[in-house]
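**Q** Supplied in structure tokens, the structure appears directly below.
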Amino acid sequence: MAAVSGLVSGLLKRRFHWTAPAALQVTVRDAINQGMDEELERDEKVFLLGEEVAQYDGAYKVSRGLWKKYGDKRIIDTPISEMGFAGIAVGAAMAGLRPICEFMTFNFSMQAIDQVINSAAKTYYMSGGLQPVPIVFRGPNGASAGVAAQHSQCFAAWYGHCPGLKVVSPWNSEDAKGLIKSAIRDNNPVVVLENELMYGVPFEFPPEAQSKDFLIPIGKAKIERQGTHITVVSHSRPVGHCLEAAAVLSKEGVECEVINMRTIRPMDMETIEASVMKTNHLVTVEGGWPQFGVGAEICARIMEGPAFNFLDAPAVRVTGADVPMPYAKILEDNSIPQVKDIIFAIKKTLNI
Amino acid sequence: MRKMLAAVSRVLSGASQKPRHGLATLPSLVSISRLKQSSHLGLPKCWDYSHSLKTRQASRVLVASRNFANDATFEIKKCDLHRLEEGPPVTTVLTREDGLKYYRMMQTVRRMELKADQLYKQKIIRGFCHLCDGQEACCVGLEAGINPTDHLITAYRAHGFTFTRGLSVREILAELTGRKGGCAKGKGGSMHMYAKNFYGGNGIV
């Protein structure tokens, strides 16, 4: 009797229908917004300044809602004078605050590059360790859509050249959130090179990235895709192109190992060397110009290090064309690395 | 309406008036019969338009010659002088030809900018497109005050200046749409147009 009643009650017991939660899709823009929001909340010394960051919610809506939440003292609209407000930000950092200085694009940072390099980057060294400058310079970098020469330059090589700066270049939402948080918590000047075309792209956000203390260490690359035949190293938007190329090539039997650098300076050479020692071939991909670029630095360091003896073919760089970005669409499309260029370079290196 | 016009025409004289400070003369309304003939004044539809084209044109010329001045004098604010005996002139005269020329230029720039706006909305023009419809007087007026051998540079709102510095609408629109026939061969785009003695078009503020 008890068994029957137990059975009946089991049948009658109602349970909610349960499906696995859909993976959280977060755009890069929202990830940066979340990262900044969490850091602003955590430390009251952190503040954001830049053109249109407050009342307009950000030129690219990256700082949406922050002014409403934190007010005029933490989110500050500046006049159109990069040299002026970058200088103010550096001074604030020296005085003990933790500013986030937004450039509308890094092309405008050239107006303020003296403040970034001479006032921010070199100061800790020049002062013998007395004066840290805990500042973050962030903004979109590199080519956009049809904005022509003065608005499309990639500054990874320029800022990566300077000792005293840390330079990070996120690709997806996870990178963006983790790196901006690490950058804000870092006591050194950090340049965060975002990408305007990536802002609206949604990515799957793993559960650990949803935590308020999710940090990605600066100086550590990530292997996005495991492979055995060739190492493809990239940063920022081209990482997506590399993964597409790898997908196309895996159908032909070529397994590419795609490395997302995440940090330009200090560069994670251990990961790249370990990968090259495994695959024996190297292709670097970047959006910037070839001469003195990120790819050139990787190749030089590979040559200087132990991985050189493991190379079966010269390393090949896939870069943007060595011209100021043209305006016409057909010319612009051919001035940045496309998936077909990456596939061509991989096949050339592998001699297939 | 007719009574009002008749009254107004009695108040204003038929002969052309001396132009007042800063304004061209308002057309004097002579008589109702002439009004009947001059359809170009934008009269309401109650008027009789059944005259032939020739009569209407003749009356238009008659009205124009009798009622519009050929030039307008403007007063310019006197500048403070430093180590100079004479400053720039304090009055200037705008002749009818010049006035029409500037008007034509401004209208051309306006039409060009409106078309560029339309093309931008259709995404045929990409990237940035900073227009100067409404601000044509800036470029036309500036050009009126300088010589073609003077040098000019501006910021990104450059289409009007490119036109007044001598380039054709065709070249400007070709550049905006990224064609080889553009003034910078399609490589510059909206903000990077150059001409003789005109150094662009600059994107960095």
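**Q** Taking 0.36 nm per residue of sequence separation and subtracting the Cα-Cα distance, how much length would be gained by fully extending the chain between A:Asn187 and A:Lys278, in nm to one decimal?
**A** Working: separation 91, 0.36 × 91 = 32.76 nm, distance 3.55 nm.
Roughly 29.2 nm would be gained on extension.
**Q** Do any residues of region B:103-150 lose at least 20 Å² of accessible area when the full set of protein chains is present rather than just their chain alone, and if so which, with a 1.4 Å probe?
**A** B:Arg126, B:Gly127, B:Phe128
**Q** Among B:Thr162, B:Tyr199, B:Phe128, whose Cα sits farthest toward the positive end of the charge dipole of region B:89-204 (+1 at Cβ of Lys/Arg, -1 at Cβ of Asp/Glu, about the Cα centre)?
**A** Projecting each Cα onto the dipole axis, the largest value belongs to B:Phe128.
**Q** Where in region B:64-99 is the amide nitrogen less than 18 Å from a point lying 7 Å along the Cα-to-Cβ axis of B:Asn147?
**A** Residues B:88-89 fall inside that zone.
**Q** I need the phi-derived Karplus couplings for region A:114-130: 6.51 cos²θ - 1.76 cosθ + 1.60, θ = phi - 60°, integer Hz, Gly and Pro marked x.
**A** Along region A:114-130, the couplings run 4, 5, 5, 7, 6, 8, 9, 5, 8, 5, 4, 6, 4, 8, x, x, 7 Hz.
**Q** Could I ask something else about it? At R0 = 35 Å, how high is the FRET efficiency between A:Glu204 and A:Ile80 if r is their beta carbon distance? Nearest 0.05 is fine. Please list the in-between numbers first.
**A** Working: r = 38 Å, r/R0 = 1.07.
For A:Glu204 and A:Ile80, the calculated efficiency is 0.40.
**Q** Something else about it: How big is the dipole moment of region A:29-120 about its Cα centre under a simple scheme where the beta carbon of each Lys and Arg is +1, that of each Asp and Glu is -1, and everything else is neutral? Debye, nearest 20, please.
**A** Numbers: 10 positive and 15 negative charges, 29 e Å.
Dipole magnitude for region A:29-120 comes out near 140 debye.
**Q** Kyte-Doolittle mean at least 1.6 and Cα extent at least 30 Å along the axis: which DSSP H helices of chain A qualify? All intermediate terms of the calculation are to be shown ahead of the outcome.
**A** Numbers: long enough: none.
Both cut-offs are met by no helix.
**Q** Towards the positive end of the charge dipole of region B:73-114, with charges on Cβ (+1 Lys, Arg; -1 Asp, Glu), say which of B:Tyr102, B:Cys79, B:Thr91 has the farthest Cα.
**A** The residue sitting most towards the positive pole is B:Tyr102.
**Q** Each residue of region B:184-189 in turn: what ³J(HN,Hα) in whole Hz from Karplus with 6.51, -1.76, 1.60 and θ = phi - 60°, glycine and Pro shown as x?
**A** Karplus values, whole Hz, x for Gly and Pro: 10, 6, x, 8, x, x.
**Q** Using unit Cβ charges (K, R positive; D, E negative) and no other charged atoms, how large, in debye to the nearest 20, is the dipole of chain A about its Cα centre? Could you put the intermediate results ahead of the total?
**A** Values: 34 positive and 39 negative charges, 174 e Å.
Rounded to the nearest 20 debye, it is 840 debye.
**Q** Given an 8 Å cut-off on Cα distances and at least 6 residues of separation, report the relative contact order of region B:89-204 as a percent.
**A** 23
**Q** If each of B:Glu97 and A:Gln338 carries a label point 7 Å out from its Cα toward its Cβ, how far apart are those two points in nm?
**A** If labels sit at B:Glu97 and A:Gln338, their model points lie 5.4 nm apart.
**Q** Another question about this same structure. Taking a probe of 1.4 Å and counting only protein heavy atoms, give the total accessible area buried between chains A and B in Å², rounded to the nearest 100.
**A** For A against B, buried area totals roughly 1400 Å².
**Q** Pull up all non-local amide H partners of A:Ile75: gap of 5 or more, or a different chain, and H-to-H distance under 5 Å with H placed in the peptide plane.
**A** Correct list: A:Leu48.
**Q** On to the next question. Please label the shape of region A:277-352 as rounded, prolate or oblate, based on the square roots a ≥ b ≥ c of the eigenvalues of the alpha-carbon gyration tensor (a/c under 1.5 means rounded; beyond that, a/b larger than b/c means prolate, else oblate). Intermediate results must be reported in sequence, preceding the final value.
**A** Working: a/c = 4.01, a/b = 1.79, b/c = 2.25.
Note, shape of region A:277-352 comes out oblate.
**Q** A further question follows. Tell me which residues come under 5 Å, amide H to amide H, from A:Arg317 once H is placed; ignore anything under 5 positions away on its chain.
**A** Hits under the 5 Å cutoff: A:Thr284.
**Q** A further question follows. What area, in nm² and to one decimal, does the C-alpha convex hull of the protein assembly as shown cast on average over all directions? Walk me through the intermediate numbers first.
**A** Values: hull surface 192.6 nm².
Taking a quarter of the hull surface, the average projection is 48.1 nm².
**Q** Past 23 Å, Cα to Cα: identify those pairs from A:Lys222/A:Lys278; A:Lys69/A:Lys212; A:Lys329/B:Lys121; A:Lys69/B:Lys121, in the order given.
**A** Details: A:Lys222/A:Lys278 16 Å; A:Lys69/A:Lys212 17 Å; A:Lys329/B:Lys121 16 Å; A:Lys69/B:Lys121 34 Å.
Violating the 23 Å Cα-Cα cut-off are A:Lys69/B:Lys121.
**Q** Using a 1.4 Å probe on the protein chains only, how many percent of the accessible area of region B:89-204 belongs to carbon and sulfur? Can you show the working numbers first?
**A** Working: 3500 of 6400 Å².
Here it works out to 55 percent.
The values are calculated or read from the model by the stated rules, or taken from the named source; none is laboratory data. The structure displayed is predicted, hence computed values, not measured ones. In this analysis, Cβ positions are derived from the backbone assuming ideal geometry, glycine residues included, and neighbour counts consider all displayed protein chains. With ligands, DNA and RNA removed, areas are computed over all heavy atoms of the protein, side chains included. Shrake-Rupley method; radii C 1.70, N 1.55, O 1.52, S 1.80 Å.
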